[in-house]
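The values are calculated or read from the model by the stated rules, or taken from the named source; none is laboratory data. Because the structure is a prediction, the values reported are computed rather than measured. Neighbour counts run over all protein chains shown; Cβ positions are idealised from the backbone, glycine included. The area values use the complete protein model at the heavy-atom level, side chains included, leaving out ligands, DNA and RNA. Shrake-Rupley method; radii C 1.70, N 1.55, O 1.52, S 1.80 Å.
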Amino acid sequence: MAQSRSRMEPLDKPFPMPIRDKIRPAAIAVVKRLVDNGYDAYIVGGAVRDLLLGQTPKDYDIATSASPEEVQAVFGRRGCRIIGRRFRLAHVFSGGDIYEVSTFRREPTASERRGRFDDDGIMIWNDNRYGTLEEDAHRRDFTVNSLYYDVTGKRGIIDLVGGIDDMRQHIVRTVGDPAVRLEEDPVRLLRALKLVGQQGFTLAPELNTALRRHTASIRLASVSRLFEELLKIFFTGRSLEIFTAFADYGLLEHFW
């Protein structure tokens, strides 16, 4: 079973296993129901990261081969609602909680990204191009967030981008070019520094450089998304450390 460790201590040994017995049963039930209906489904992202660090996840996200409409067909309209336009996904109700279920996505082309005729095609305005598990892993933000856990099969942790190695060193590294990743979605600036403040991680050198150059672009994110992230920060129990990281990197003034 995973044990708590200092946020600053590098993980120089294999991660304690198994982590399955620490996963919320209702989250496992959602995954199992999708698999039983013929779809691939995995716990993904921050929940896997936190479990490997010996922490209790606040949320469980699920990635699946099913489209949002197919997810809703599995759980019914009372058990699932489809949300979003730029990024459509399903909210599934299980065990008194809401589970965010996203479909595997591929990297959109420049023309598919555009929201306006004069758009430069870098920021992603339309992210509803579905793909495979492998494509999904390579289009996520950071390597430590691109980890999948197979709770119904035998694959265990699925790491296609080197996230385990970066977790052992407590490094935040983008999947792909950091400048492009930050320009695609400015909220990633905030999420990178949340890992610095909340987990004691360090930015990879190339991400450090890109982030400092792009702090002002957080103003391009919608107020509603930033407010949602603000609420999440207050519930981490480490908001002081997170806001200190924001201030250290010059993000705080733009965020406010």
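In this entry, VAL196 is excluded by the filter for residues that are within 21 Å of THR56 (Cα to Cα), touching a residue at least 40 places away in the same chain (Cβ under 8 Å) and over 17 Å from the mean Cα position of the chain (by Cα).
Being modelled with pLDDT of 95 or more and either of a type in the set (Lys, Arg) or in a helix (DSSP H, G or I) (or both): is that true of LEU189 here? Criteria met by LEU189.
Okay, residues lined up against (1) among the aliphatic types (A, V, I, L, M); (2) over 15 Å from the mean Cα position of the chain (by Cα); (3) modelled with pLDDT under 95:
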| site | (1), (2), (3) |
| --- | --- |
| ASP141 | no, no, yes |
| TYR148 | no, no, no |
| MET167 | yes, no, yes |
| ASP185 | no, no, yes |
| LEU211 | yes, yes, no |
| ARG219 | no, yes, yes |
| ARG225 | no, no, yes |
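Taking the criterion of being modelled with pLDDT of 90 or more, of a type outside the set (A, V, I, L, M) and under 19 Å from VAL175 (Cβ atoms), would at least one residue in the stretch 70-86 satisfy it? Among the residues of the stretch 70-86, not one is modelled with pLDDT of 90 or more, of a type outside the set (A, V, I, L, M) and under 19 Å from VAL175 (Cβ atoms), which makes the answer no. For the stretch 31-51, the set of residues classified as within 30 Å of ILE171 (Cα to Cα) and in a helix (DSSP H, G or I) consists of VAL31, GLY46, ALA47, VAL48, ARG49, ASP50, LEU51, listed by residue number. If you scan the stretch 54-69, which residues turn out to be of a type outside the set (Gly, Ala, Ser) and either buried (at least 20 other Cβ atoms within 10 Å of the Cβ) or touching an Asp or Glu at 6+ places or on another chain (Cβ under 9 Å) (or both)? Once the filter is applied, which keeps residues that are of a type outside the set (Gly, Ala, Ser) and either buried (at least 20 other Cβ atoms within 10 Å of the Cβ) or touching an Asp or Glu at 6+ places or on another chain (Cβ under 9 Å) (or both), the stretch 54-69 yields THR56, PRO57, LYS58, ASP59, TYR60, ASP61, ILE62, THR64, PRO68.
For (1) of a type outside the set (A, V, I, L, M); (2) open to solvent by less than 80 Å² (accessible area, probe 1.4 Å); (3) part of a helix (DSSP H, G or I), each residue gets a yes or a no:
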site: GLN198; (1), (2), (3): yes, yes, yes
site: THR209; (1), (2), (3): yes, yes, yes
site: ARG213; (1), (2), (3): yes, no, yes
site: ALA216; (1), (2), (3): no, yes, yes
site: ARG219; (1), (2), (3): yes, no, yes
site: SER224; (1), (2), (3): yes, no, yes
site: PHE227; (1), (2), (3): yes, no, yes
site: LEU230; (1), (2), (3): no, yes, yes
site: LEU240; (1), (2), (3): no, no, yes
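Each residue in the stretch 81-99 was checked for being in a loop (DSSP other than H, G, I, E, B) and touching a Leu at 6+ places or on another chain (Cβ under 8 Å), and 0 pass.
Of these, ARG188, ARG212, which one is of a type outside the set (A, V, I, L, M, F, W, C), more than 18 Å from PRO57 (Cα to Cα) and free of Cβ contacts under 8 Å to residues at least 40 places away in the same chain?
Result: ARG212 is the single residue among ARG188, ARG212 that is of a type outside the set (A, V, I, L, M, F, W, C), more than 18 Å from PRO57 (Cα to Cα) and free of Cβ contacts under 8 Å to residues at least 40 places away in the same chain.
Exactly one residue among PHE234, PHE255, PHE243 is among the aromatic types (Phe, Trp, Tyr) and under 19 Å from the mean Cα position of the chain (by Cα), and that residue is PHE234.
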